[in-house]
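Colleague: Let me begin by handing over the structure; questions about it come next.
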Amino acid sequence: MQIPILSLITWLPVGSACVNLLIPAHRRNLHKAIVLLTLSLQVICFVWILSQLYAAAAWQTNQPLFNSLYFVEKCSWLRFSLGNLGILSVNYFLGLDGLNVGLLGLALFVLSIGAVASWSIKKYVKAYFILYLLLNTLIIGSLVALDFLLFYIFFELTLVPIYFLIGLWGEANGPAAATKFFLYTLAGAILILVVLIGLGLSTYDPIATGIQAGILKGSVLENTAPEQIVCIQKMIQNNQIAAQDIVHTFEVPLMTNTQNFIPHTTFSITSIQSFQGYPMRLLGFFILLIGFMIKLAIAPLHNWLPDAHVQAPTPISIVLAGILLKLGAYGLLRTAYSIFPEGAIHFGFWIGVIGIISGIYAALNALAMQDLKKMIAYSSVAHMGFFLVGIGSLTAEGMQGALYQLISHGLIASLLFLVVAIIYSRTQDRTIQNYSGLASQMPYYTVISLIAFAAALGTPGFSTFIAELLILLGAFQSSVYNSVWKMGIGILGGLSIFLNTTYYVWTIQRMFGGKFSLRFPDWTILLRDIRIKEAILLIAVIITVVILGIFPNLLLSLSKDSIKLFVDQIYQIGKANLKTVYNL
């Protein structure tokens with residue numbers, strides 16, 4: 001019997017939150033210890049998953065882009081009648097592949113860093129850690145859910161704990177920043193929901209439909225022959241199965257196969273519906289792209305991010321930049337790219353253009369920032385722009401680089417916010433121009449800061465260098481980008497990297513170089529160098545970033561086969577779909 005390991009990792013924090021509810025509020029250290037114990041158990045489970053990943057029996061989906069999944073857990077969750085429209089089925093469907101296994105590891109690492117950094121929280125400790133544990137479950141659930149509606153529920157519910165964590169534990173303008181974050185991401189959620197509903201009404205589960213119509217026998221037919229499935233698909237296409245017997249589904253693997261769409265429905269390949277000349281499937285991709293770009297904080301949809309970072313407590317800034325931004329990226333690949341591959345091809349060029357523009361715009365803004373946190377926030381926007389260049393290229397190298405960028409940036413953003421937290425904990429000030437010559441007063445802090453900045457700007461030997469190299473290689477090999485744009489990608493990508501280097505180097509020069517001086521001289525007695533506990537946390541992140549910079553195959557090997565299949569299938573299916581939707 002297979003251990004439901006993904007459910008264990010996902011729901012363990014909820015159990016811990018229930019335990020915390022029973023513990024008196026004044027037992028602060030116990031609340032903190034339970035969170036650390038929970039994350040330790042989750043990490044142990046993940047290490048076991050890695051040890052068993054490719055030794056475990058793969059679950060064959062027989063669907064495009066999802067050839068093999070691991071540690072699959074699937075059972076019926078919700079099922080209700082839609083009257084003459086059929087039956088709606090929602091499954092509790094979890095699984096791992098090369099697209100999400102690395103991000104799952106990143107999430108657990110970042111959440112662990114955030115939990116340790118939360119040790120300094122003094123206000124409403126019990127409530128804080130209960131919300132943190134709930135956020136943990138929602139993040140992990142978003143990464144392992146393979147039913148679109150289940151993913152959507154996890155994904156959008158992350159808004160709730162983040163809203164309160166910023167609003168109640170943030171700085172003076174925390175409530176305003178939390179509200180801005182909530183409204184922006186809610187707008188994206190509504191866009192995604194519109195497409196989700198359309199997909200649910202357009203897609204059906206051939207096996208469940210066959211059972212409901214009495215064509216197949218049994219309640220669960222995991223070994224149903226492919227020819228039986230094809231037979232049911234043909235019967236649907238020929239209107240030989242009554243509409244009320246059709247079982248609609250939100251399973252993403254089933255949505256990747258256009259044969260599982262009811263003919264002439266909104267997102268069917270045979271749909272004659274269009275908007276301003278654009279087929280509905282391309283419009284569906286575009287709406288999902290905008291919805292997830294809000295969560296990704298791509299310019300000009302990024303305005304919520306700088307305020308949220310500045311006002312949030314440091315541990316939540318770490319989680320926000322380290323993993324929550326990545327949920328938008330993952331959702332874009334898992335849903336929009338998988339379900340509408342023709343959209344990925346049709347809009348690929350413009351996705352790359354938006355990525356470059358967003359990166360340069362964010363880098364120029366970072367150059368003008370005086371608040372360290374806000375500078376790092378704009379740096380995050382720039383790095384996510386480079387992610388778009390990678391996925392827009394539609395090459396295996398570009399896609400691998402984009403995934404590597406997500407994980408690399410998640411680690412480095414955590415490191416940068418920890419660096420900022422140290423100076424802020426001493427003086428309660430993050431203004432760059434208020435410091436000069438810190439190298440003479442805080443030598444160890446200076447060394448750590450230099451390493452963090454070097455990692456962020458893509459110095460060889462750090463993980464960002466590998467990510468940016470793969471993305472640029474993918475862009476130069478892309479058939480989506482024409483020869484002129486390939487040269488433009490190189491030039492503009494180089495400009496973006498140069499600007500990133502500029503604002504980090506300028507910050508180093510102003511804060512750490514020159515003669516020691518402070519905006520307020522009485523800060524001098526507060527400027528103690530890094531403590532041992534702070535150093536341990538920082539060094540742990542630095543070691544991880546260096547390991548991934550020197551031994552990239554440790555991570556690339558987990559996703560290599562899945563990404564190659566993913567890109568090949570997008571090209572093969574997407575091109576065929578484009579011809580079909582435009583020839584109707």
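Each reported figure results from applying straightforward, stated rules to the coordinates on display, with no laboratory input. Quantities reported herein were computed from a predicted structural model and do not represent experimental measurements. Methodologically, a virtual Cβ is constructed for each residue, glycine included, from the backbone with ideal geometry; neighbour enumeration extends over all protein chains shown.
Colleague: Where in the chain are the DSSP H helices whose alpha-carbon span along the long axis reaches 27 Å or more and whose Kyte-Doolittle mean is at least 0.5?
Modeller: Membrane-span-like by this rule: 28-52, 125-144, 174-202, 348-368, 372-393, 396-427, 483-512.
Colleague: When a footprinting reagent is the concern and you count Cβ atoms within 10 Å, what order do 384, 235, 442, 487 take, fewest first?
Modeller: So the ranking, lowest neighbour count to highest, is 487, 235, 442, 384.
Colleague: For residue 158, what charge total do you get from the other residues with a beta carbon under 13 Å from its beta carbon, if Lys and Arg give +1 and Asp and Glu give -1?
Modeller: +1
Colleague: Strictly over 24 Å apart at the Cα level, which of 122/326; 32/123; 326/374 would you flag in this model?
Modeller: Violating the 24 Å Cα-Cα cut-off are 122/326.
Colleague: Among the lysines, which have Cα under 28 Å from the Cα of residue 234 when same-chain residues fewer than 8 positions away are ignored?
Modeller: Cross-link targets: 74, 217, 575, 579.
Colleague: Got a sec? Charge dipole of the chain, +1 on Cβ for Lys and Arg, -1 for Asp and Glu; which of 249, 69, 460 is way out at the positive end?
Modeller: Result: 460.
Colleague: Rounded to the nearest 20 debye, what is the charge dipole size of the chain about its Cα centre when +1 sits on each Lys and Arg Cβ and -1 on each Asp and Glu Cβ?
Modeller: Value, rounded to 20: 1220 debye.
Colleague: Another question, then. Give a residue-ordered list of calculated ³J(HN,Hα) values for the range 331-342 (Karplus: 6.51 cos²θ - 1.76 cosθ + 1.60, θ = phi - 60°; whole Hz; x for Gly, Pro).
Modeller: x, 4, 6, 5, 10, 4, 5, 6, 7, 10, x, 5
Colleague: Would you please put 462-469, 6-13 in order of how densely packed they are, using the mean number of other Cβ atoms within 10 angstrom per residue and starting with the highest?
Modeller: Descending packing order for the listed peptides: 462-469, 6-13.
Colleague: Along the charge dipole of the chain, which of 280, 405, 176 sits closest to the positive end, that is, farthest toward it, with unit charges on the beta carbon of Lys, Arg, Asp and Glu (+1, +1, -1, -1)?
Modeller: Of 280, 405, 176, it is 176.
Colleague: Projected onto the charge dipole of the range 289-576 (+1 at Lys/Arg Cβ, -1 at Asp/Glu Cβ, origin at the Cα centre), which of 488, 422, 322 gives the Cα projection farthest towards the positive end?
Modeller: The residue sitting most towards the positive pole is 422.
Colleague: Can I ask one more? Nearest 20 debye, what's the magnitude of the dipole of the range 161-314 about its Cα centre given +1 on Lys and Arg Cβ and -1 on Asp and Glu Cβ?
Modeller: Computed charge dipole of the range 161-314: roughly 220 debye.
Colleague: Give the cross-link partners of residue 564 among the aspartates and glutamates, using a straight C-alpha distance below 12 Å as the criterion and excluding same-chain residues fewer than 8 apart.
Modeller: The reachable aspartates and glutamates, counting only those whose Cα sits under 12 Å from residue 564, are 397.
Colleague: Now a separate question. What is the magnitude of the charge dipole of the range 289-576 about its Cα centre, with +1 placed on the Cβ of each Lys and Arg, -1 on the Cβ of each Asp and Glu, and no other charges, expressed in debye to the nearest 20?
Modeller: The dipole of the range 289-576 has a size of about 320 debye.
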